[in-house]
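Enquirer: Mind looking over this structure? Questions follow.
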Amino acid sequence: MKKRCKFLSSIFENILLPYEVSKKYEEEIIGEFENSIEKGYFHKFISFLDGESIILDLACGDGRHTLKLSEHFKHVVAVDLSYNQLKLAKRKCLRRKNISFIRASMSIYLSHKTFLTVYGFHRHLNTFLQI
């Protein structure tokens, strides 16, 4: 439990700040996909599911994958802790009516909700899942 508490408190100190001040979309910095592994993971993920699925996009950031997920699935619930990143995501996904945006910590949100399908290709997500 100590390890988990330490990780959660470090989110605010080490992870959240750069996302709160960013004004650029990730595509402008790294492209639609960061590398071929991320691109392959995304395409494999969507191939496993049917279009009627409801997807939780955990740590959605600026909506880089949220928008693409919404093109393939019935509904996407996009969760992120950063107010700034959610603002960017909402702007990017403005025309899509099948996306809900929620500002929440992934640990708090997941402790109260159940999803059959969770999408998350994020460098910090692996640390969270190990705790």
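The values are calculated or read from the model by the stated rules, or taken from the named source; none is laboratory data. Please read all numbers here as calculations on a predicted model, not as lab measurements. Positions of Cβ are generated from backbone atoms using ideal geometry, with glycine treated the same way; all protein chains shown enter the neighbour counts.
Enquirer: Quick check, is Val79 modelled with pLDDT of 90 or more and within 24 Å of Lys3 (Cα to Cα)? Spell out the reasoning first.
Expert: Working: modelled with pLDDT of 90 or more: yes; within 24 Å of Lys3 (Cα to Cα): yes.
In short, yes.
Each row is one residue, and each column tells you yes or no for (1) touching a Pro at 6+ places or on another chain (Cβ under 9 Å); (2) among the β-branched types (Val, Ile, Thr); (3) part of a loop (DSSP other than H, G, I, E, B).
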| position | (1), (2), (3) |
| --- | --- |
| Glu34 | no, no, yes |
| Ile37 | no, yes, no |
| Gly40 | no, no, no |
| Phe45 | no, no, no |
| Glu52 | no, no, yes |
| Gly61 | no, no, yes |
| Ala78 | no, no, no |
| Asn84 | no, no, no |
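Enquirer: Can you give me the number of residues within region 55-110 that are of a type in the set (Val, Ile, Thr) and surrounded by fewer than 18 Cβ atoms within 10 Å (Cβ to Cβ)?
Expert: Total meeting the criteria: 2.
Enquirer: Another question, if that's okay. Out of the residues in region 42-63 that are small (Gly, Ala, Ser) and in contact (Cβ under 8 Å) with a residue 24 or more places away in the chain, which is farthest from Ala78 (Cα to Cα)?
Expert: So the first thing to find is which residues in region 42-63 are small (Gly, Ala, Ser), and the list is 47, 51, 53, 59, 61, 63.
Checking which are in contact (Cβ under 8 Å) with a residue 24 or more places away in the chain leaves us with 53, 59, 61, 63.
On the way: Ser53: 14, Ala59: 7, Gly61: 9, Gly63: 8 Å.
Checking each candidate, the answer is Ser53.
Yes/no matrix, rows are residues, columns are (1) touching a Cys at 6+ places or on another chain (Cβ under 8 Å); (2) modelled with pLDDT of 90 or more:
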{"residue": "Glu26", "(1), (2)": "no, no"}
{"residue": "Glu32", "(1), (2)": "no, no"}
{"residue": "Ser47", "(1), (2)": "no, yes"}
{"residue": "Leu67", "(1), (2)": "yes, yes"}
